[in-house]
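No value in this document is a laboratory result; all are computed from the given coordinates. Just so we're clear, the structure is a prediction, and the values are computed from it rather than from any experiment. No Cβ is skipped: glycine too gets one built from the backbone with ideal geometry, and neighbour counts run over all protein chains shown.
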Amino acid sequence: MPLPAPLIASVVSAIIETVVQSSQTDPASVARYESYVARRALPPEAKVGFMQPPAGNGVIVIDDQSLALSPIAQFRNRQNLIVMPMSVQQPSNVVYVNDNFGSVYRVWMISEAEADSIKKND
């Protein structure tokens, strides 16, 4: 007898939620997870910085410098998923790329481990 799809989805969701909750509370688990994560392929022209949460006015602050945000800007979280700029609520280490007009149009939020490895390679 095959298992119903909603049952499988529920079990998988419960497992993922348990892992996420336990990794958020245990620093050792976070470090272990980050050591397993493959390094993302980022453009060579990308710059590293520290970004404040976007204010929603078309400008973002990276390394205490106000930069225009492109109308087609794309933000990716630490899991490399696309997120809306206004959903970013915490300051974060980032890697970003400017377009031909100087506006920021790609932002990747990175973990401390990724930031350290990028700085070591520079």
Exercise. Any idea what the dipole of the range 47-121 comes to, in debye rounded to 20, about its Cα centre with Lys/Arg Cβ at +1 and Asp/Glu Cβ at -1?
Worked result: 160 debye
For this session: Rank by packing, highest mean first: peptides 82-88, 95-101, with packing defined as the count of other Cβ atoms within 10 Å averaged across residues.
Result: 95-101, 82-88
For this session: Enumerate the calculated ³J(HN,Hα) couplings along the range 80-94 in order (Karplus 6.51 cos²θ - 1.76 cosθ + 1.60, θ = phi - 60°), each rounded to whole Hz, writing x wherever the residue is Gly or Pro.
Result: 6, 9, 5, 10, 6, x, 6, 7, 7, 10, 10, x, 8, 5, 9
Exercise. If R0 is 30 Å, what FRET efficiency do you get for Ile15 and Glu112 from their C-beta distance, rounded to 0.05?
Worked result: 0.70
